[in-house]
Structure formats: C-alpha cells, structure tokens
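Student: Pasting a structure here, questions to come.
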Amino acid sequence: MALRGSHRLEVILRRCLASPVIHSHAPHRSSSHVTIKGGDHANGNSNSDSGQDRQNGGQNEKGWRRLVRFFVPFSLGAVASALAIRREELTPTIAASKMTGRRRDFNFIADVVAGCADSVVYIEIKDTRHFDYFSGQPITASNGSGFIIEQNGLILTNAHVVINKPHTMVQVRLSDGRTFPATIEDVDQTSDLATLRIQVNNLSVMRLGKSSTLRSGEWVVALGSPLALSNTVTAGVISSTQRASQELGLRNRDINYLQTDAAITFGNSGGPLVNLDGEAIGVNSMKVTAGISFAIPIDYVKVFLERAAERRKKGSAYKTGYPVKRYMGITMLTLTPDILFELKSRSQNMPSNLTHGVLVWKVIVGSPAHSGGLQPGDIVTHINKKEIKNSSDVYDALADNSKNLDIVILRGVKQMHVTITPEDP
C-alpha cells in the first residue's frame with residue numbers, strides 16, 4: 001500500500017508541475033524586454049503587468065490549493081496505512097517476547113514433581129484366592145501408594161493399605177514400571193503407618209522435611225495412585241496445620257493432622273504430601289469430602305521410623321504381630337459435629353437430623369463389605385440395633401460373636417439396611 005501511495009504522489013506532483021501555475025515562475029522577465037514610450041505607454045504597460053501579476057498570483061494560489069487538496073489527504077492516508085502495517089508487524093512480536101519463558105519461570109508445580117516423582121511407588125494388594133481368567137495372576141483386592149525413604153528398598157505407607165486383608169500378598173510397582181514383591185517390615189496401627197521392604201538397591205529417595213514449620217496457606221503437592229492411576233499429581237494449599245485427632249473422632253491417636261484441599265481419593269493413601277522444596281511434609285491418610293483431606297505430619301512419621309529402626313537393631317522387628325480382627329473391608333471416619341457441619345454445608349443430600357455415625361470412605365473390592373452392598377459415601381448409623389457414634393463402636397461390633405452384622409446406613413437422604421458377614425482371621 002505504501003508503494004502504491006508513493007506512485008500516486010509522483011503522478012499528482014507531475015500534473016501540478018505541468019500546469020501554468022508552476023511554469024509561470026520559471027522565466028523571469030528582464031527589463032530589456034520592456035519599451036517605455038511616453039507616459040501613456042508606461043502606464044498601460046504597468047497596468048497590464050500588474051493585471052497579469054494579479055492573474056498569475058490568483059492562478060498560483062489556486063495551484064497551491066489544488067496541490068494541498070491532493071497531497072495532504074493522501075499523505076495522512078499513507079502515514080495511517082504505514083502505521084497500521086507497522087502495528088501488525090510489531091504486535092505479535094511484542095506479545096511473544098512477553099510470553100517467552102513463562103513456562104520455565106512459573107510452573108513451580110512441575111519443578112516439584114520432576115524432583116521427587118521417581119520415589120513414589122504404586123502398591124497393590126493381591127488376593128491369592130482369586131485369579132484372573134486370562135492372565136492367571138491373582139486379582140487386585142486393593143491398592144494404595146507409598147514412597148521410598150531408603151535406597152535399599154524401604155518404603156513408607158499407611159498401615160490400613162497393607163494389613164487386615166487375609167489371604168493376600170503385597171506387590172510394589174516403581175515409577176519405571178518394574179514390579180517387586182514386598183514384605184511388611186513394621187506396622188503401627190495407632191498412627192496408621194507401616195513400612196515395606198523390596199529387594200532392590202540404588203533407588204531414588206524422597207527427602208523428608210519438617211511439618212512443624214508449615215503455615216496455613218502454603219502450596220503443597222499430593223502424589224500417589226488414585227483409582228489405580230499411578231503417578232498422579234494434584235496440588236492445593238494447607239488449610240490447617242493443627243487438626244487434632246479428637247476432632248476427627250479418632251481415639252487413641254495423639255496426632256495433629258494436616259488438613260489440605262489438594263484432591264485426594266482412593267489410592268492416594270500412603271502417598272507423600274510434598275512442599276515446594278520437594279520434601280515430604282506429610283503422608284496422605286484420609287479424605288472426608290472434596291476439599292477436605294488429611295495427612296499425617298512428617299515429624300510424627302520420623303518418630304515412628306526411629307522406633308522401627310531401634311526394633312530392627314534389637315532384632316525384634318515386625319513379624320506379623322499386629323492385632324488380628326475379623327475382616328469387613330472398609331476404611332471409615334467418625335462423623336464429629338464439626339465434620340457433620342462441613343458435610344451439611346457442602347452437600348444438599350445430608351439429612352438435617354443426622355447427629356452421629358461413621359462415614360465409609362473406602363470399600364475394598366471383593367471384601368465382605370463390598371459383597372454385602374456397602375458403598376463409599378455411605379454413613380453407618382446402627383449395627384445390630386446399636387448406635388454407632390465412632391469407629392470404636394464398629395470394632396466392638398466386629399469383636400462380638402455375631403455371625404452377621406445387620407447395618408443401617410444412610411445413602412444420601414435414603415435409609416437402607418445391609419447385611420454383612422465378616423471374615424474370620
């Protein structure tokens with residue numbers, strides 16, 4: 001457009017230069033061409049020259065007006081066109097220069113994952129009584145997560161991931177796809193912690209941080225295998241650093257849990273909760289509802305690991321000595337008044353008259369609870385006509401000699417009855 005504009009300008013200038021207005025300035029009249037004979041002739045010639053000058057001046061003025069009339073609008077249009085073209089050329093370049101490097105500078109979550117994801121493992125609990133029809137391998141009864149804390153194959157996870165499942169074996173899959181059988185080395189059911197051992201060396205190790213320095217609002221990353229999807233990452237913030245176990249209805253546990261809104265679901269149990277320095281500051285333990293999950297502080301985990309190391313030195317390491325109970329196959333959480341208030345405020349399907357019960361968080365596939373019809377999200381209110389106010393009441397019901405458990409549950413706003421036959425140890 002700029003080239004076409006310059007060509008038009010050249011044409012217009014040529015036309016204006018070819019007009020008599022411009023040509024009249026070229027020849028300068030010399031005095032030798034004027035003959036003065038008498039006053040009349042002088043006056044006549046003078047009058048003639050002055051008239052011609054006025055005529056030439058008028059034509060000159062008209063010529064310049066014509067030149068201005070053509071040249072000025074064209075010049076403004078040419079300048080505007082040039083500016084528009086220049087703007088189109090510069091705008092993408094400026095935007096691209098501003099965006100360059102943003103992925104490198106601001107993807108801090110990806111940096112955390114890149115530094116510690118290799119130490120996270122996927123844990124499968126295999127049922128040795130049932131086998132897959134096509135592969136002939138034991139079927140997966142349950143799954144969870146864990147992370148490597150020693151290069152020689154020591155793995156940390158939750159106790160409820162690996163125990164109280166009769167006729168099962170534990171299998172660990174590393175981030176590179178290798179699979180190894182695992183043995184349970186130490187268990188603390190009170191704190192819900194356990195360690196596993198696999199026979200392999202030179203593994204990537206997760207660094208342990210300090211949960212005592214955490215502040216509410218800090219970014220954290222939850223790593224694990226929710227719904228059997230290994231190497232899954234979610235992010236959130238620390239909602240509370242001092243959520244007492246009594247507030248969660250967990251008796252015999254002197255733990256102040258970490259509360260986070262990072263998405264944690266089935267299979268995340270035992271996985272690490274990591275700060276932005278790539279250090280584990282908690283062990284994912286349980287979820288109440290979307291946006292409310294809890295983790296065991298890493299400072300408490302360190303105490304458990306120290307005691308386990310002392311037992312190993314003394315030769316009294318864990319040897320399947322945990323208390324064995326009748327097996328139902330659920331993970332549960334006591335509904336305290338605070339948790340009930342949160343659930344009622346977040347869901348419209350909670351009965352307003354509900355005052356007690358136990359929330360079924362997870363149901364193991366193939367377990368008596370699964371066969372009897374329990375589902376995650378059910379709320380147990382009565383067992384064998386006795387009120388259930390906390391998880392201890394459920395354990396007491398399992399300790400009875402009753403063959404079957406007649407359980408009253410709330411599924412949404414609907415009350416239902418299910419019958420479960422626990423497995424003997």
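The values are calculated or read from the model by the stated rules, or taken from the named source; none is laboratory data. Fair warning: this is a prediction, and the values are worked out from it, not measured in the lab. Here the Cβ positions follow ideal geometry from the backbone for every residue, glycine too, while neighbour counts run over all protein chains shown. To get the accessible areas, we keep the full protein, side chains included, count just its heavy atoms, and leave off ligands, DNA and RNA. Shrake-Rupley method; radii C 1.70, N 1.55, O 1.52, S 1.80 Å.
Student: Ignoring ligands and nucleic acids, what accessible area does residue 168 show with a 1.4 Å probe (Å², nearest 10)?
Tutor: Here the residue's solvent-accessible area equals roughly 50 Å².
Student: So, one more: So who's got an amide H within less than 5 Å of the one on residue 357, skipping anything under 5 residues away but keeping other chains? H placed 1.01 Å off N, in plane.
Tutor: The answer is 335.
Student: Using a 1.4 angstrom probe on the protein heavy atoms only, line up 342, 387, 306, 423 by accessible area, largest first.
Tutor: Output order, biggest surface exposure first: 306, 387, 342, 423.
Student: For the range 138-185, with all protein chains present and a 1.4 Å probe, just round the carbon and sulfur fraction of the accessible area to a whole percent.
Tutor: It is 50 percent, rounded to a whole number.
Student: With the Cα gyration tensor of the range 108-250 in hand, convert its eigenvalues to equivalent ellipsoid semi-axes via √(5λ) and list them largest first in whole Å.
Tutor: After diagonalising the Cα gyration tensor, the semi-axes are 28, 19, 15 Å.
Student: If you rank 188, 261 by how much accessible surface each has, with a 1.4 Å probe, what is the order from largest down?
Tutor: Of 188, 261, the descending order of accessible area is 261, 188.
Student: Share of Cα-Cα pairs in the range 283-425 beyond 27 Å, in percent?
Tutor: Beyond 27 Å sits 33 percent of the P(r) for the range 283-425.
Student: With a 1.4 Å probe and every protein chain left in place, tell me how much accessible area residue 300 has, in Å² to the nearest 10.
Tutor: The value for residue 300 is about 70 Å².
Student: Sort 233-239, 278-284, 413-419 by the packing proxy (mean of other Cβ within 10 Å over each peptide's residues), most packed first.
Tutor: So the peptides 233-239, 278-284, 413-419, ranked by packing, come out 278-284, 233-239, 413-419.
Student: Now a separate question. Please calculate how many Å² of accessible area the range 322-412 carries per residue, with a 1.4 Å probe and no DNA, RNA or ligand atoms counted.
Tutor: Accessible area per residue, the range 322-412: 49 Å².
Student: Rounded to the nearest 0.05, what FRET efficiency do residue 167 and residue 386 give with R0 = 35 Å and r taken as the Cβ-Cβ distance? Could you check?
Tutor: Efficiency at R0 = 35 Å is approximately 0.75.
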